[in-house]
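Right, one structure below, let's go through it.
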Amino acid sequence: MDVPEPGAEVQVPWGLDMLLGTVQRTYDTGRGPQAVVRVHVPGVSGSSVDDVTVTLPVSALEPVPESGGPEEAAGSWVSGLAYERQVFPQLEAVLLDIDPTGETRVAIEGLEPGHDFYVYRMLPNSPTFNILCLGVIKYTQKKSFPISRVQEELRKFRGMVEPVLLVANADVAPQGKKIMESSDLKVVWQKWRNESDNLELKETLASLLR
């Protein structure tokens, strides 16, 4: 985001959550602009403890959505982690259906920040493999996935040549789909809530791996 003015409200990364904060001041450094932000921490602020003040790169801040509050409630990452643990074994099962030889697999090791998994295929008579698809798994408490988070995910994959699969528990808004369609990436959105969505997941993955 652009360098915010003092007094502007922003979203601040706080562990795995996003919390509301108010910009106190900004200043330039050799590493880029920094912001001093007063953060309202649930369960701490508003009692006998003042709001917490932190200094962060401006690039780490996010604008406040039009609703006026963080896109996800503090602590929502717990449900997100549980969702990821549901999705991974289903990805493995679906890939085994696509390729019964077991040469096409899903892995989570050695990833760039923001990438949750990749699909690869072992090369015959070789310890090496080809990465066929990159992916992320996202959970939201909203009825549709926030557009700003779609844009954030696409930024993480900028410059990648492999197709990207975004798996989430909710649909993406039409504007989000337009953003993906206009991207230089080959990116596909897949809604997955439980095993009843495995057939669609299988069809989507198979189309990306051709």
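The values are calculated or read from the model by the stated rules, or taken from the named source; none is laboratory data. From a predicted model like this one, the values you see are computed outputs, not experimental measurements. All Cβ positions, glycine included, derive from the backbone under ideal geometry; neighbour counts span all protein chains shown. Ligands, DNA and RNA are excluded from the accessible area calculation, which covers all protein heavy atoms including side chains. Shrake-Rupley method; radii C 1.70, N 1.55, O 1.52, S 1.80 Å.
Could you tell me whether segment 122-129 includes any residue that is within 11 Å of the chain's Cα centre (by Cα) and in a loop (DSSP other than H, G, I, E, B)? Give the derivation first.
As a first pass, look at segment 122-129 and keep what is within 11 Å of the chain's Cα centre (by Cα): none.
Checking segment 122-129: not a single residue is within 11 Å of the chain's Cα centre (by Cα) and in a loop (DSSP other than H, G, I, E, B).
Would you mention how many residues in segment 80-101 are closer than 12 Å to F117 by Cβ, hydrophobic (A, V, I, L, M, F, W, C) and either open to solvent by 20 Å² or more (accessible area, probe 1.4 Å) or not in a helix (DSSP H, G or I) (or both)?
Residues that pass the stated criteria total 1.
Pick from segment 102-136 the residues that are open to solvent by 50 Å² or more (accessible area, probe 1.4 Å) and acidic (D, E): which of them is nearest to E84 (Cα to Cα)?
That would be E109.
Go through segment 137-151 residue by residue and tally those that are surrounded by fewer than 19 Cβ atoms within 10 Å (Cβ to Cβ) and either hydroxyl-bearing (S, T, Y) or free of Cβ contacts under 8 Å to residues at least 40 places away in the same chain (or both).
Number satisfying all stated conditions: 5.
Out of L201, L132, L165, I need the residue that is touching a residue at least 12 places away in the same chain (Cβ under 8 Å) and assigned to a helix (DSSP H, G or I). Which one?
Numbers: L132 fails: assigned to a helix (DSSP H, G or I); L165 fails: assigned to a helix (DSSP H, G or I).
After applying the criteria, what remains is L201.
Enumerate the pairs (first residue in segment 69-97 and more than 27 Å from G21 (Cβ to Cβ); second residue anywhere and open to solvent by 60 Å² or more (accessible area, probe 1.4 Å) and at pLDDT 85 or above) with beta-carbon separation below 6 Å, excluding pairs fewer than 6 apart on the same chain, so at least 6 apart or on different chains.
Hits for this filter: V94/K202; D97/K202.
Just the residues that are of a type in the set (D, E), open to solvent by 30 Å² or more (accessible area, probe 1.4 Å) and modelled with pLDDT under 85, please, taken from segment 3-59. Please lay out each step first, then the result.
Narrowing segment 3-59 to residues of a type in the set (D, E): 5, 9, 17, 28, 50-51.
Checking the rest, the ones that are also open to solvent by 30 Å² or more (accessible area, probe 1.4 Å) come to 5, 9, 28, 50-51.
Correct list: D50, D51.
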